[in-house]
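**Student:** One structure follows; several queries about it will come next.
The values are calculated or read from the model by the stated rules, or taken from the named source; none is laboratory data. The shown structure was predicted, so the numbers you read here are calculated from the model rather than taken from an experiment. Cβ atoms come from the backbone with ideal geometry, glycine included; neighbour counts cover every protein chain shown. Note: accessible area is taken over every heavy atom of the protein model, side chains too, but ligands, DNA and RNA are not part of it. Shrake-Rupley method; radii C 1.70, N 1.55, O 1.52, S 1.80 Å.
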Amino acid sequence: MEDNKKIAVIGAGPSGSAAAYYLNKNGYEVEVYEKEDFIGGRTHGFDNGEVSFDTGASFFTNFYPLLLSLVKEFELDDQVIELKRRFGLKEKDQLAEFEFGNIKAFWQLPFLTFNDKITMIRKTLLLSLKRGQLDLADPGKLSKFDDATIADWAKNYLSDNIYQYCIKPGVEPFWYFSCEDVSRAMTTALQGRAADAKFYTFKNGMACISRKLLANVTLYNNCEVEKIEKIENKYQVSFKNKKGSDTFLYDGVVMASPAYVAKNILHKDLIPTQISNFINSQKYVSNLHVTYLVDQDQVKDLLAYYYPCGKWKSPIAAIVLHKIKAINSIKAPNNKELISVYLLNEASKELLQSPKEEVFEKVWKLAKEFEPLLPGKYEPVAFFPRKNAIPLHEVGRYKNANKINQSLKGNLVFAGDYLSCATVEGALRSGRWAAYKLMNKNS
């Protein structure tokens, strides 16, 4: 595509924001459509004046190269907070304290045998030596390991014990899907970086990256795109907002929306068969995130995070105590602790349509059953029901995504974490890739 063309980007999450940024940086006129009144997608934060916190993606790591480069470019270093990942692995009444990157803490885990620990250390070091072949956000590299589920791979490559007490609690609390349903590619890449992994967040929330990326482009918030059609050599974007409905014409389009949105608004003749089949095959898992305030004195001796492990069937994905996690990354009243409870996919689906009061009551009851040391009294803050929270990373998905990435061409391109990996880095890189694909340049 020639320079100085007008491009529509659908979606103002990290992928759409990155696409808009790189197009604008290369001389294109860009307009971004976002149906919500906020930007950042799943990196969006909640703020009611008294309480603020991230509601979705809430951290990044030292192996997110594009995100780290943007931190430098936008001079956000002073906004970065390192998280101390001390957490509790819990199986019924048994609790083990653990910390990422801490070999002593790993060696003291009560759930693993001596042989398990030796196996885990040896296999992790072997994968660390293969880091050049591993990339959490590159479907091309991930496709080489896209041959089994996490559960099958971990049980065969490591052991059932290691799977139950290390691998599963390192995946399901963050992505809400079952390790029995998804590809081992992502976990293999994660384990290759486990030895020196560090975790960070931003003082002003994870959405600050999207805000920086969109600073110099036209953004239409509260603007829902209903249909995109081809009119001669232009793309007609039909949308509605508070003022009514309208249409604009563009020379190109970046679809930086979830797969289920793309298939609903794009005219079927615009999507090549291979891409259409991939989009239609995408599945999403649900998540319910509920937050509370409790008296800080009543939880001062608890850990920052709690994750289930073992063969214990719990509906809880994770419990997070935000002030203990990183007090400078949130806002909450003095003498109060802010607690988030996250439910796994199936448990979330059961409560997605429930009344607000019922959700607060039932989820706190589940949290108390999981960790009885939580106090009986709480103040409800907010809850976030997400029917389509995270794309399901099924076996074969990375191979197909890589084929899509290699085959796309023309003035309509696709971006989003369903084409990469469900991380902020994956979304950002997918957006950058789409922008350069549309410009017919190498990123």
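**Student:** What accessible surface, in Å², does a 1.4 Å probe find on S257, ignoring ligands, DNA and RNA and rounding to the nearest 10?
**Tutor:** About 10 Å², ignoring ligands and nucleic acids.
**Student:** With θ set to phi - 60°, apply the Karplus curve 6.51 cos²θ - 1.76 cosθ + 1.60 along region 279-295 and write out the HN-Hα couplings as whole Hz, x wherever there is a Gly or Pro.
**Tutor:** With coefficients 6.51, -1.76 and 1.60, one gets 4, 5, 7, 6, 10, 10, 9, 9, 8, 10, 10, 10, 10, 9, 10, 9, 5 Hz.
**Student:** Rank T218, I390, F239 by how far each Cα sits towards the positive end of the charge dipole of the chain (+1 on Lys, Arg Cβ; -1 on Asp, Glu Cβ) and give me just the farthest.
**Tutor:** Going by the Cα projections, it comes out as I390.
**Student:** Share of antiparallel DSSP beta bridges in the chain, in percent to the nearest 5?
**Tutor:** Restricted to the chain, the bridges split so that about 75 percent are antiparallel.
**Student:** I would also like to ask the following. Provide the net charge surrounding P333, with neighbours chosen by a C-beta distance below 12 Å and charges set as Lys +1, Arg +1, Asp -1, Glu -1.
**Tutor:** Surrounding charge for P333 is -1.
**Student:** Let me ask something additional. Tell me the volume per residue, in Å³, of the convex hull enclosing the alpha carbons of region 70-202.
**Tutor:** 130
**Student:** Probe radius 1.4 Å, ligands and nucleic acids ignored: give me the carbon and sulfur share of the accessible area of the chain as a rounded percent.
**Tutor:** Whole-percent figure for carbon plus sulfur exposure: 46.
**Student:** Using only DSSP helix segments of four residues or longer, with each worth -39500 (n - 2.57), what per-residue ellipticity at 222 nm results for the chain after dividing by its residue count and rounding to 500?
**Tutor:** Helices in the chain give a 222 nm mean residue ellipticity of -8500 deg cm²/dmol.
**Student:** Applying the Karplus parametrisation 6.51 cos²θ - 1.76 cosθ + 1.60 with θ = phi - 60° to the phi angles of region 68-74, what ³J(HN,Hα) value in whole Hz is obtained for each residue in order, glycine and proline being reported as x?
**Tutor:** Along region 68-74, the couplings run 5, 5, 5, 4, 5, 4, 8 Hz.
**Student:** Turning to a different aspect of this structure: On average, how much area does the Cα convex hull of region 268-409 cover when viewed from any direction, in nm²?
**Tutor:** Projected over every direction and averaged, the Cα hull of region 268-409 covers 11.9 nm².
**Student:** Let me ask something else. To the nearest 20 Debye, how big is the dipole of region 30-147 about its Cα centre, given +1 on the beta carbon of each Lys and Arg and -1 on that of each Asp and Glu?
**Tutor:** 1100
**Student:** Which is farthest toward the positive dipole end of region 49-124 among F111, G88, F59, measuring Cα position about the Cα centre, with Cβ charges +1 (Lys, Arg) and -1 (Asp, Glu)?
**Tutor:** F111
**Student:** Taking H as built 1.01 Å from N, whose amide H comes closer than 5 Å to the amide H of K227, not counting residues under 5 places away?
**Tutor:** S238
**Student:** Note down the relative contact order for region 303-441 as a percent, whole number, built from C-alpha pairs under 8 angstrom at least six residues apart.
**Tutor:** 15
**Student:** Roughly how much of K283 is accessible, in Å² to the nearest 10, using a 1.4 Å probe?
**Tutor:** 110
**Student:** Need one number: % antiparallel among DSSP beta bridges in region 1-152, to the nearest 5.
**Tutor:** Given both bridge residues lie in region 1-152, the antiparallel proportion sits at roughly 65 percent.
**Student:** Relative to the first principal axis of the alpha-carbon coordinates of the chain, what is the inclination of helix 424-438, with its axis defined by its Cα atoms, in degrees from 0 to 90 and to the nearest 10?
**Tutor:** Taking Cα atoms only, the helix is inclined about 20 degrees.
**Student:** In sequence order, what are the phi-derived ³J(HN,Hα) couplings for region 12-20 according to the Karplus relation 6.51 cos²θ - 1.76 cosθ + 1.60 with θ = phi - 60°, rounded to whole Hz, with x for glycine and proline?
**Tutor:** 10, x, x, 5, x, 5, 5, 4, 4
**Student:** Hey, what did the chain get for relative contact order, percent, Cα under 8 Å, at least 6 apart?
**Tutor:** Result for the chain is 26 percent.
**Student:** Continuing with the same structure: Here are a few candidate values for Cα extents along the principal axes in Å: (1) 151, 44, 33; (2) 66, 47, 41; (3) 68, 54, 45. Which one was actually calculated from the structure I just gave you?
**Tutor:** Label (2) holds the value from this structure.
**Student:** Under the Kirkwood approximation for Rh and a Cα-based Rg, what ratio Rg/Rh is obtained for region 18-68?
**Tutor:** That ratio equals 1.06.
**Student:** Taking only Cα atoms of region 278-345, what ratio of Rg to Rh do you get with Rh as the Kirkwood inverse-distance radius?
**Tutor:** Rounded to two decimals, Rg over Rh is 1.11.
**Student:** Amide H to amide H, which residues 5 or more places from I390 or on other chains are under 5 Å from it, using H placed in the peptide plane?
**Tutor:** Excluding prolines and chain starts, which carry no amide H, the hits are V285.
**Student:** While we're here: Under 20 Å Cα to Cα from K356, which lysines show up? Leave out anything in the same chain fewer than 8 places away.
**Tutor:** Cross-link targets: K365, K368, K377, K387.
**Student:** Give me the angle, in degrees from 0 to 90, between the Cα long axis of helix 397-407 and the longest principal axis of the Cα atoms of the chain, rounded to the nearest 10.
**Tutor:** Helix 397-407 sits at roughly 20 degrees to that axis.
**Student:** So who's got an amide H within less than 5 Å of the one on L83, skipping anything under 5 residues away but keeping other chains? H placed 1.01 Å off N, in plane.
**Tutor:** F199, Y200, T201
**Student:** Something else about it: Excluding residues fewer than 8 places away in the same chain, name every one of the lysines whose C-alpha is closer than 20 Å to that of K243.
**Tutor:** K35, K227
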